[in-house]
1. Mind telling me which of the residues A:Leu132, A:Leu126 ends up being surrounded by fewer than 24 Cβ atoms within 10 Å (Cβ to Cβ), out of contact with any Asp or Glu (no Cβ under 6 Å at 6 or more places or on another chain) and either part of a helix (DSSP H, G or I) or of a type in the set (Val, Ile, Thr) (or both)?
2. Of all residues in region B:1-15, which are without any contact (Cβ under 8 Å) to a residue 12 or more places away in the chain and either in contact with a helix residue (DSSP H, G or I) (Cβ under 6 Å, 6 or more places away or on another chain) or more than 9 Å from chain C (Cβ to nearest Cβ) (or both)?
3. For B:Ser50, only one of the following conditions fails: (1) assigned to a helix (DSSP H, G or I); (2) within 7 Å of chain C (Cβ to nearest Cβ). What is its number?
4. Any idea which residue in region B:59-69 is nearest to C:Leu92 (Cα to Cα), counting only those that are in contact with a Ser or Thr (Cβ under 9 Å, 6 or more places away or on another chain) and facing chain C (nearest Cβ under 7 Å)?
5. Pairs needed: first member in region A:357-381, outside any helix (DSSP H, G or I); second member anywhere, basic (Lys, Arg); C-beta distance under 8 Å; at least 6 residues apart or different chains.
6. Quick one: would you say A:Asn178 is assigned to a helix (DSSP H, G or I) and modelled with pLDDT under 90?
7. Looking at region A:167-179, I want the residues that are touching a residue at least 12 places away in the same chain (Cβ under 8 Å) and have a partner that is outside any helix (DSSP H, G or I) and surrounded by fewer than 18 Cβ atoms within 10 Å (Cβ to Cβ) with Cβ atoms under 6 Å, at least 6 apart or on another chain. Which pairs are those?
8. If I go through region C:89-111 residue by residue, how many of them are in contact with a Lys or Arg (Cβ under 9 Å, 6 or more places away or on another chain) and small (Gly, Ala, Ser)?
Amino acid sequence: MALQATALVLLVLPLAGAFALAVLALRVPRWAVWAIGPGVVWAAFVCTLILLADSFLQDRAHDFTYWTWIQSGTFDLPANLLVDRLSIFMCLVITGVGGLIITYAVGYMEHETDPSYARFFCYMDLFVFSMLLLVLAGNFVFLIMGWALVGLSSYLLIGFYYWRYSAVVAARKAFVMNVIGDIGMILAAFAIFVNYHSLTFSGVFAALPRADATWVEIIGFLLLVGAVAKSAQLPLHTWLPDAMEGPTPVSALIHAATMVTAGVYLIGRMHPIYDVAVWAQGTAALIGAVTALMAASIAVVQTDIKRVLAYSTMSQIGYMFLAVGVGAYAAGFFHLLGHAFFKALLFLAAGNVIHALNGEQDMRRYGGLWRQMRWTSVCFLIGSLSLTGIFPLVGFWSKEVVLGDVFSKPGTTYFPQALWAIGFATAILTGFYTGRMWWMSFAGRPSADRPVEHPHEASRVMLVPVAVLTVLTAVGGFIQINAGFHPGYKLVEDFLAPTLGHLPWHARDLEYIPTAATLLLGGVAFLAAYRFYVSFVWRPWSGAVPRLQRLLEHKYYFDEAYDQMFVRPMDAIASGADRTMEEPVLEGAPAGVAVATQAGAGALSLTQTGYFRTYILVFLAGVVVAAVVLLLVRAF
Amino acid sequence: MSLPQVVFWVMAVVAVLGGLGVVAFRRPINSVLSLVAVMLALSVIFLELSAQFVFAVQVIVYAGAVMVLFLFVVALLGPVRERSTGRVPFHRGVAAVVVLAFAGLLIAFITSAGIRFRAPEQASLAVFGTVQQIGAGLFTTYLYPFELTSILLLVAAVGAIYLSRGGQAASEVRGRELRGPGAAPATDANEKEDRRA
Amino acid sequence: MPDYGQIPVGSGTLDARLILGLAAVLFILGAVGVLVRRNPLVILVCIELMLNAANLTLITFAAQLHNLEGQLFALMTMTVAAAEAVVGLAILVDIFRVRDVDDVDQLSDLKG
């Protein structure tokens, strides 16, 4: 009973915070925003810890039904929350990492005006609520509600600087692509309802064993559309780099740690479906791998530090998709956790740099920050090494688990191994672009174009979350050590096993060879970037292969292709409809009514001649007419 | 012919001639006097029709007070020219048509083809039309109309007083109201340009 | 069927139709006057003529039907006529104070 209330409180607190900030936005002082904005998220974190403790003690999942929402004939839809290992895991990430980021934002957004400041935290709290609803949902309706609300929060926050045209366009782009995913989700819900006559997770999963495999495949693909859109994988990925228009804490929270991982969560939560729909699952893995490689290649030529991190996120989520796509769910979620740590760390540290340099994001104007922003540089370095997958940081462990599990998956085809090869190549590229990022920004000499001569280190409220995330990145990896090394403990896998099951296959004996190779070559690539970009010893390969450079700079021309295929036709249809239908009909009709009324009134006003004698004449004529009518009536 | 019928015919002739005089005389004073003649003739006919009280009221109030009021106004306004400004074309023709139609209707109503009289109600001939009976009717059954008529008279009196408030300032104000904002004082020249196209 | 249109008056009878005919003639004369004359004062007088004709009709029917309501109504009509004459004349006097009216068509400020 208390647990049920705790789960509800966990969910509702951020919403209450958002509501309070929305209502009080114009009158609330700064300190109140500091209390409410991060406060509700930390309170939600405490509730999550309570649920976590209970999960360890009781070791069972809870399906809490709060009331029956829809009752229609034989169909019942309860308003239920599913509190099991997986949802608690996600809630920890959302509220924990989210709390750190929102606390950071207290300092980062300090230059905003008071209403804007409150608006930011209102939207952030709204986002936290939406994400919690998504992961705690016990039925498809709540899931889709959370899904859509997360998209809304993302739109609001990307377009936070609404007076900037580029921000508004980016927000709209993100929202439209998210809606494509929403349609996939809704169609999947329709298919589920038609086939299983239930929309709760428990009901659907129970009905799966006797289900028709074709329909399950279709449902799997439709859900995959939603996951791909939300997690910015190929081919619905173009919105994520533009989403960097939002403030840096937004990029950290939504577009690194939580929202974009919703797709991974979806596949994990729907694993009973995907265990049957093997084609859909394989497609997920393929999409993940290809996206990982493609995004990593684009990241090599990006000059905006946040875009590098955005493509890096896309790439790492590709790894997660790869993992859950082959069935290594625990690996995927471990990488999700680790990625949340180091990617949030990287974004927040980058935010420190951006904040110190008055909003400059172009890495070519950085350089030499090691001397002036020591703490940030160190934290950023640790984050970068983790991203590259250097021992003993969490990135090493999680990436190693993913690649190892993929490598070791048995099967008749060598499909997993082919995907592993793509992942391996991606890892090397990851090292390269990450190294480039760190060397260009922090090493070498200060660029001549740097906007601020002597940047200050960040304030304490901005440094502490970064430091916490650094510590987590450093030591967080030790909770899951893959068996490839030695019979290690697998805390993550064991934790999630009641929901996701254990890994069905064991590691191959030679798994440590690819692991070592990945580690080595990644590190080499990291160092090699120095020679390319800082000491300029080796000619930048961009000069050697200009066409390839252009291809990468244009992000494989995806934006241009989508523009031609979808945006322009829609524009033409819209303006055509405007010309032929909206203007004549929708504007013409009221105008026409007005004109007709005026004409009628004008005509009628002619009867008001102003002459007394005509009025009398009309009276008399009227009397005559009335008398005639009376006569006729009486006659008949 | 009996005496009542003779009296009626004489009075009818007087009335018709008076009516013609009302319509035909150029000078308004003559029209008003013709109307007085009509009223007196009608009052005699009322008397013949057992409407004693109405006869008295017609003579005293209508012919005696209202017509005197008309005479006062005629005297006040002085000689008035009557000139056509030709603003409403075809008025005479249409008016003729309508009036003829109306006349035709009335004739149709009145001739034995049109009208069917009902039997008279039983009422005491001795007191019919007497002051007592009229008083009884006015103050019992028809009290509401009586009272409303009183209020109407009050309203008319108040209105007349307001409208005819004397003094230069009042008439100037009302003159401005009548002429409209920003208009020049009324003269014949101004009236001519008021003509509609 | 007895002819109810004959009203017993003293030693003889009066034919109601004749009286009604007289009233009709007077009414039409009044209507013609209202339509034809241009002097507003004369128009008011013609209106009074019409009202008198209506009164005659009322009294006639009161006598024919032996119903007092006709006479009472006639009294009311007279009152209303008086009130209307008073107000109309007051308005007319007001107008004449400002400008000379040759033709009632000149009083067309309420046009449109």
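1. Being surrounded by fewer than 24 Cβ atoms within 10 Å (Cβ to Cβ), out of contact with any Asp or Glu (no Cβ under 6 Å at 6 or more places or on another chain) and either part of a helix (DSSP H, G or I) or of a type in the set (Val, Ile, Thr) (or both) holds for just one of A:Leu132, A:Leu126, which is A:Leu126.
2. Correct list: B:Val6, B:Val10, B:Val13.
3. (1)
4. B:Tyr62
5. Note: pairs meeting the criteria are A:Leu357/A:Arg365; A:Leu357/A:Arg450; A:Glu360/A:Arg450; A:Gln361/A:Lys306; A:Tyr366/A:Arg450; A:Gly367/A:Arg445; A:Gly367/A:Arg450; A:Gly368/A:Arg445.
6. The answer is no for A:Asn178.
7. The qualifying pairs are A:Ala167/A:Tyr161.
8. Final tally of qualifying residues: 1.
The values are calculated or read from the model by the stated rules, or taken from the named source; none is laboratory data. All of these numbers come straight from a predicted model, not from anything done at the bench. All Cβ positions, even for glycine, are placed from backbone atoms using ideal geometry, and neighbour counts span all protein chains on display.
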